[in-house]
1. Of all residues in the range 203-245, how many are β-branched (Val, Ile, Thr) and in contact with a Phe, Trp or Tyr (Cβ under 8 Å, 6 or more places away or on another chain)?
2. Would you pick out the residues in the range 116-158 that are at pLDDT 85 or above and either in contact with a helix residue (DSSP H, G or I) (Cβ under 9 Å, 6 or more places away or on another chain) or not in a strand (DSSP E or B) (or both)?
3. Restricting attention to the range 27-44, does a residue exist that is surrounded by fewer than 18 Cβ atoms within 10 Å (Cβ to Cβ), touching a His at 6+ places or on another chain (Cβ under 9 Å) and more than 22 Å from TYR130 (Cα to Cα)?
4. For ARG232, which of the numbered conditions (1) assigned to a helix (DSSP H, G or I); (2) farther than 24 Å from THR379 by Cβ fails to hold?
5. Considering each of LEU69, LEU14 in turn, give the residue that is surrounded by 14 or more Cβ atoms within 10 Å (Cβ to Cβ) and at pLDDT 90 or above.
6. Inspect the range 236-247 for any residue being part of a helix (DSSP H, G or I) and more than 25 Å from the chain's Cα centre (by Cα) and give the result as yes or no.
7. Which pairs have Cβ atoms under 7 Å, sit 6 or more apart or on different chains, and link a residue in the range 142-154 that is without any contact (Cβ under 8 Å) to a residue 60 or more places away in the chain to one that is of a type in the set (D, E, K, R) and in a strand (DSSP E or B)?
Amino acid sequence: MFIAAGYNFASLELESKKLNPVPTPFFAINSRIELRGNLYLKPSVSYQRKRSLINSSTDLRQGTVSAGLQVQQKVDDFFFQIGLQMDKNQGRTLVHKTEGLQTYFLKDGQKEGDDLFISIGTEYKATPTYNISIDAYLPAQGSHSSSFQIGIVYKINIRKGDRNKRSISERKNRINHSKKQIRELNSGTLLCRLYTSIPKIEAMKKVGMIEEAAEVEETQRKLNLGIINSFRKNYTYSKVEFFYSYNSESVRNGELSNIFLDDNLNVDSSIIIETSEKLFTVGYQKIDQDSIQIFDQNTYGDGKPPRATYYGGPDFSFNAFVIMTQQFQQLDRPFPYYTRAFAPSFKQHKTMRVLLFPFLFQDKFNFDKAVSKFNKKLTRYKLESDVEKNL
């Protein structure tokens with residue numbers, strides 16, 4: 001379940017004339033039902049207090065309760081949505097301002113009733129728990145009014161019992177564990193996993209899509225070279241090496257011979273990493289559900305280190321560089337375990353550039369800036385941890 005709040009810009013109609021919108025707050029509750037693949041159904045209910053200017057001293061106000069249903073298509077970190085919304089109008093009031101006083105002098109009861117709108121918009125995953133939504137509502141039946149909304153969407157975590165497990169001592173252990181990991185990474189090695197798209201390429205070749213398969217292979221190769229180049233130029237927090245995803249099991253098992261790549265994506269047998277060295281992994285991938293580490297209370301006080309148990313969090317996955325353990329278990333806050341990034345090909349798609357404005361101005365669309373930001377976050381967190389340790 002999600003709650004949303006933001007501003008509504010409504011252009012109300014009065015005597016066949018559209019008025020100038022004034023921003024007013026709206027509140028909504030909605031959910032997301034998976035239909036198949038990346039296709040979702042989004043039912044919602046909301047309350048809005050619409051307002052439009054007639055002139056400098058008079059405005060028209062209208063309370064509205066709405067019920068909507070949208071179909072969402074997920075593309076990378078965006079949900080593109082279209083649907084219908086039914087507005088139940090609670091009547092309209094004209095407000096006249098005179099010398100700082102407001103006079104409510106007309107109830108337009110004839111405008112009460114139902115209006116049907118076509119809704120079209122997008123949601124952008126700003127953080128693991130918050131989305132930014134932008135929607136336009138165009139008249140379909142009844143009123144000729146239209147509106148535009150921009151808001152913040154928050155996922156309500158309704159897991160029962162998990163929050164009760166997060167005692168003060170557990171949070172302290174989680175913080176201490178993150179501080180230990182940030183020091184271990186600094187003295188260890190970060191292994192960057194690069195993907196190959198081999199299953200997709202082979203499937204395309206089997207059905208005769210030879211040119212398309214070659215294009216996918218070349219796109220993936222350029223993406224991997226871009227990742228290597230960005231880390232070489234901008235990452236200094238620890239040593240970093242690169243391997244292909246089909247060697248993930250070897251990394252997991254500590255079998256580290258003849259799997260690492262040079263800067264041209266060729267296997268380099270001269271790259272040797274000791275198995276005794278502390279290793280972390282990183283990949284450009286979808287961020288997992290928030291893997292909260294809850295330390296087992298039963299191990300406290302018996303001389304054993306606390307065991308970490310993992311609980312899923314809000315499912316707001318998006319593309320990012322994500323740091324994981326050698327076993328590919330995603331790390332957790334307060335460790336700065338991810339930084340958002342978008343593949344260059346996503347930004348270059350002409351249709352996407354139109355639909356995603358103004359998000360394209362964010363630095364996260366640039367691999368170099370994303371890795372540089374990642375490096376700064378890790379360095380800053382270690383510095384803060386060292387300062388606290390010395391207090």
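The values are calculated or read from the model by the stated rules, or taken from the named source; none is laboratory data. Note that this is a predicted model, so its numbers are computed, not measured. Glycine also receives a Cβ, built like all others from the backbone with ideal geometry; neighbour counts cover every protein chain displayed.
1. Within the range 203-245, residues that are β-branched (Val, Ile, Thr) and in contact with a Phe, Trp or Tyr (Cβ under 8 Å, 6 or more places away or on another chain) number 3.
2. Scanning the range 116-158 gives THR122, TYR124, ILE132, SER145.
3. No, that holds for no residue.
4. (2)
5. LEU69 is the lone residue from the list that is surrounded by 14 or more Cβ atoms within 10 Å (Cβ to Cβ) and at pLDDT 90 or above.
6. Looking through the range 236-247, at least one residue is part of a helix (DSSP H, G or I) and more than 25 Å from the chain's Cα centre (by Cα).
7. Sorted first by the residue in the range 142-154, then by its partner, the pairs are GLY142/ASP114; GLY142/ASP115.
Yes/no matrix, rows are residues, columns are (1) farther than 18 Å from GLN329 by Cα; (2) without any contact (Cβ under 8 Å) to a residue 12 or more places away in the chain; (3) under 27 Å from the mean Cα position of the chain (by Cα); (4) not in a helix (DSSP H, G or I):
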| residue | (1), (2), (3), (4) |
| --- | --- |
| GLU211 | yes, yes, no, no |
| GLN220 | yes, no, yes, no |
| ILE228 | yes, no, yes, no |
| GLU249 | no, yes, no, no |
| SER257 | yes, no, no, yes |
